[in-house]
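Since every read-out is calculated from the coordinates, none of them should be taken as a lab result. Just so it is clear, the model here is predicted, and its values are computed rather than measured. Using ideal geometry, Cβ is built from the backbone for each residue, glycine included, and neighbour counts are taken over all protein chains shown.
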Amino acid sequence: AIHAARHAVETESRIDTLQLFSPAFLQTKKEAFRRLQMGGYLKDPEDYLEKFRESCFAPCPSGPLEEAEHDASMLHELLYFVWEGELMEAICAKGIRVEVYLGLEDRIIDVAGAREFFLPYATVTTIRKANHFLQECL
């Protein structure tokens, strides 16, 4: 979502709709949380990622995932990125419609904070009983 939002502002190409699925909205988390996450990753990246995957699926049972390249700088970007009104205003000023999708059972991001932040700029859809992957857990 971070890269898509930046691309929407920077590109000369026409974009009608920007869809953000469970955007990494962590700016309301305390610095101690960020340090703990970075420390856990640096200590044992595979163990950290396994726990992260479980949290993404929660409260559903974990399922298979295709693993992508990762490193500490990528985690740092997610943990420290701040969604700002100026970015969203620049996207909207280009005539791009923004849609945000959030799972109400998401254990990764601040769902309430994300909803409040994005509402002035986007259509925000919340999915009951859905996790970070927007899967409904029955």
Counting only residues that are among the hydroxyl-bearing types (Ser, Thr, Tyr) and within 17 Å of ILE108 (Cβ to Cβ), give me the helices (runs of 4 or more DSSP H) lying completely in segment 1-70 with at least 2 of them. 45-57
Out of all the residues in segment 3-55, which are surrounded by 14 or more Cβ atoms within 10 Å (Cβ to Cβ), free of Cβ contacts under 8 Å to residues at least 24 places away in the same chain and either at positive phi or aliphatic (A, V, I, L, M) (or both)? ALA4, LEU49
Within segment 84-104, the residues that are surrounded by fewer than 19 Cβ atoms within 10 Å (Cβ to Cβ) and either over 15 Å from LEU18 (Cβ atoms) or of a type in the set (Asp, Glu) (or both) are GLU84, GLY85, GLU86, GLU89, GLU99, LEU104
Could you please give the count of residues in segment 105-138 that are buried (at least 16 other Cβ atoms within 10 Å of the Cβ) and assigned to a helix (DSSP H, G or I)? 5
